[in-house]
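Here's the structure we're looking at; comments come further down.
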Ligand code: I3P
């Protein structure tokens, strides 16, 4: 696991709130449970914070490590089948983790889709 620390000079490419649901872990299906997450795209990975950005930063200083996904070799695609919600895309990692991300606001979810897709395309495939 990893955290964003000022020491690492990690460039944050994008950050913001989205609805998130993890639907598989290591290929094993999980019960869908949507929750708002503070999401940070940086250094070829995405970090998911359960709380607000402010408390996330406080927890980071205390050594709390967020959930994160390695985008190396990951796949991103829009889906209309895995949710009744609009504006949903899925990220699937090499390790078989599957996440749905959603926003009701079209430009917000489009910006996120393109930012994550660009990050994936810049990374090695394995
Ligand atoms: C699920 C919950 C999800 C919903 C899902 C339900 O019920 O309402 O929000 O997904 O639909 O099964 P529960 O909380 O009892 O697990 P969406 O909001 O994405 O539609 P699904 O079974 O069609 O995936």
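Every read-out reported here was derived from the displayed coordinates using simple, explicitly stated rules and does not represent laboratory data. Computed from a predicted structure; not experimentally measured. Every residue, glycine as well, gets a Cβ built from its backbone with ideal geometry; the counts of neighbours run over all protein chains shown.
Using Cα-Cα distances under 8 Å and only pairs 6 or more residues apart, what relative contact order does the chain have, in percent?
26
Efficiency by 1/(1 + (r/R0)^6): what FRET value for residue 123 and residue 67, r their Cβ-Cβ distance, R0 = 22 Å, to the nearest 0.05? Mind showing how you got there, number by number?
Working: r = 19 Å, r/R0 = 0.87.
After rounding to 0.05, the efficiency reads 0.70.
Hey, quick one: spin label on residue 106, modelled 7 Å out along Cα-Cβ, who in the stretch 38-80 has an amide N within reach, i.e. under 18 Å?
78-80
Taking the chain as the reference, fit the longest principal axis to its C-alpha atoms, fit the long axis of helix 106-122 to the helix C-alpha atoms, and give the angle between the two in degrees, 0 to 90, nearest 10.
For helix 106-122, the angle is close to 70 degrees.
For n ≥ 4 DSSP H runs only, could you compute -39500 (n - 2.57) per run for the chain, divide by its residues and tell me the 222 nm figure to the nearest 500?
-6500 deg cm²/dmol
For a quick check: sort 38, 78, 68 by the number of other beta carbons within 10 angstrom, fewest at the front.
78, 68, 38
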